[in-house]
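Following: one structure in structure tokens, then a few remarks.
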Amino acid sequence: MITRPRILRKNSALRSLVAETRLHPSDFIAPVFIIEGSGIKEPIASLPDYFRYSLDKALKEIKELYSLGIRAVLLFAKCPEHLKDNEGKEALNPNGLMQQAIRGIKKSLPEMIVMTDVAMDPYSSYGHDGIVQNNEIVNDESVSVLSQMAVSHAKAGADVVAPSDMMDGRIEAIRLALEQAKFHTTAILSYSAKYASCFYGPFRDALDSAPGFGDKKTYQMNPANRMSALKEIELDIKEGADIVMVKPALSYLDIIREVKMISRQPVAAYHVSGEYAMIKAAAEKGWLNEEEAMFETTLSVKRAGADLIATYYAKELAKKINQNNAYDS
Ligand code: PBG
């Protein structure tokens, strides 16, 4: 034999030297769920070890994330039931929970990049990402609300707005609305290839945002399709997206790779709530080693081509990466 691939796998030091993919805390975007009130840190049943925070507690948590090397949070606000309606009016309230949270975080920790979910579902009495008329989710009326929502977040100080709705034409509309309102430096992270996935279940528990009727298949993408993902990505880049995202991550690693090959913009992937919950559940039963599963999973998402990874494991990963030899190859 003249080539023996095992030579470079001989020991941990060699494996580390030739590792092709490395995780760094600044790769991660940490999702943060905000609720009204103060002094609250509330567990989420289907997202073990993850919490909804009132703003005061969220600020403490976000400072800790920053000290661990995490540089971006993605905010989700839980809208109280009595403020929900079909038009998502509360989403535009300049003193709404989301807007207060953005201002609070940028004031106490201006260095942290604040990203905001731009979508109507947490505010919709129907739990849909758009306005409902005759049992249909209407596109253009919804895009108008989304553009106003993005501007409202930018006004509050958001660095990045992240539309997660999958309406047609929303990136261009949001970009133009931001330009018109003179927010020339607000970035758009587009959930460009977002599939109609069962893996969002725990997230919808966290925000109480499950659709009241039907499903999201008329706007989110069919898991059977690749070409539609590439088309959505191309459109969003043309329309002005600064970062494009694929979601979920694990069942769509092929899509992440293909998107990375065609995109000149950074590519993000969202390791979603159900993907996190699967690892947690198996670990709880003693069927998987959680730490190893967390690293292997996240590495696979980065190896596939994601420059940024939104993950509920952000804090845990950062902690372990910061410990010496926490993850020997
Ligand atoms: C809202 C939104 C969802 C997620 C992010 N933004 C849920 C949905 O589209 O139903 C899912 C995130 C996760 O499951 O972790 N549009």
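Of all residues being without any contact (Cβ under 8 Å) to a residue 60 or more places away in the chain and under 19 Å from the mean Cα position of the chain (by Cα) in segment 264-277, which is farthest from GLU239 (Cα to Cα)? Just the residue, please.
HIS271
Could you check ALA162 against (1) touching a residue at least 24 places away in the same chain (Cβ under 8 Å); (2) closer than 20 Å to ILE237 by Cβ; (3) in contact with a Leu (Cβ under 8 Å, 6 or more places away or on another chain); (4) away from the ligand (no atom under 16 Å from the Cβ) and say which number it fails?
(4)
Working carefully through the options LYS57, LYS78, find the one that is of a type in the set (Lys, Arg) and within 16 Å of the chain's Cα centre (by Cα).
Unique residue meeting the criteria: LYS78.
Can you tell me which condition PHE213 does not meet? The list is (1) farther than 26 Å from GLU136 by Cβ; (2) loosely packed, with under 15 Cβ neighbours inside 10 Å; (3) of a type outside the set (Gly, Ala, Ser), and all the others hold.
So the condition that PHE213 fails would be (1).
Specify the residue that is farthest from MET98 (Cα to Cα); the eligible residues are those in segment 1-54 that are among the acidic types (Asp, Glu) and either surrounded by 17 or more Cβ atoms within 10 Å (Cβ to Cβ) or touching a residue at least 12 places away in the same chain (Cβ under 8 Å) (or both).
GLU20
Test HIS153 against the stated conditions and say whether it is outside any helix (DSSP H, G or I) and under 18 Å from the mean Cα position of the chain (by Cα).
Considered against the rule, which asks whether it is outside any helix (DSSP H, G or I) and under 18 Å from the mean Cα position of the chain (by Cα), HIS153 comes out as no.
When segment 100-113 is examined, which residues are found to be more than 16 Å from the ligand (Cβ to nearest atom) and either within 18 Å of the chain's Cα centre (by Cα) or β-branched (Val, Ile, Thr) (or both)?
ILE102, ILE105, MET112, ILE113
Any residue in segment 157-165 that is over 17 Å from the mean Cα position of the chain (by Cα) and assigned to a loop (DSSP other than H, G, I, E, B)?
yes
Return yes when ASP117 is within 12 Å of the ligand (Cβ to nearest atom), crowded, with 21+ Cβ neighbours inside 10 Å and in a loop (DSSP other than H, G, I, E, B) and no when it is not.
no
In segment 120-150, how many are part of a loop (DSSP other than H, G, I, E, B) and within 12 Å of the ligand (Cβ to nearest atom)?
Counting residues in segment 120-150 that are part of a loop (DSSP other than H, G, I, E, B) and within 12 Å of the ligand (Cβ to nearest atom) gives 5.
Out of segment 10-42, which residues are assigned to a strand (DSSP E or B) and under 22 Å from ILE309 (Cα atoms)?
Once the filter is applied, which keeps residues that are assigned to a strand (DSSP E or B) and under 22 Å from ILE309 (Cα atoms), segment 10-42 yields PHE28, ILE29, ALA30, PRO31, VAL32, PHE33, ILE34.
Quick check on segment 193-203. Is at least one of its residues on the phi > 0 side of the Ramachandran plot and either in contact (Cβ under 8 Å) with a residue 12 or more places away in the chain or away from the ligand (no atom under 16 Å from the Cβ) (or both)?
No: zero hits.
Listed residues LEU146, LEU189; which is in contact (Cβ under 8 Å) with a residue 60 or more places away in the chain, within 28 Å of LEU59 (Cα to Cα), among the aliphatic types (A, V, I, L, M) and buried (at least 24 other Cβ atoms within 10 Å of the Cβ)?
After applying the criteria, what remains is LEU189.
When you scan segment 45-64, do you find a residue that is within 16 Å of the ligand (Cβ to nearest atom), assigned to a loop (DSSP other than H, G, I, E, B) and either touching a Gly at 6+ places or on another chain (Cβ under 8 Å) or modelled with pLDDT under 95 (or both), even just one?
yes
For (1) farther than 25 Å from VAL32 by Cβ; (2) within 14 Å of the ligand (Cβ to nearest atom); (3) modelled with pLDDT of 95 or more; (4) in contact with an Asp or Glu (Cβ under 6 Å, 6 or more places away or on another chain), each residue gets a yes or a no:
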{"position": "TYR252", "(1), (2), (3), (4)": "no, yes, yes, no"}
{"position": "GLU275", "(1), (2), (3), (4)": "no, yes, yes, no"}
{"position": "MET278", "(1), (2), (3), (4)": "no, yes, yes, no"}
{"position": "LYS285", "(1), (2), (3), (4)": "yes, no, yes, no"}
{"position": "GLY305", "(1), (2), (3), (4)": "yes, no, yes, no"}
{"position": "TYR313", "(1), (2), (3), (4)": "no, yes, yes, no"}
{"position": "LYS319", "(1), (2), (3), (4)": "no, no, yes, no"}
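The values are calculated or read from the model by the stated rules, or taken from the named source; none is laboratory data. Just so we're clear, the structure is a prediction, and the values are computed from it rather than from any experiment. Because the Cβ atoms are built from the backbone with ideal geometry, glycine has one as well, and the counts that use them run over all protein chains shown.
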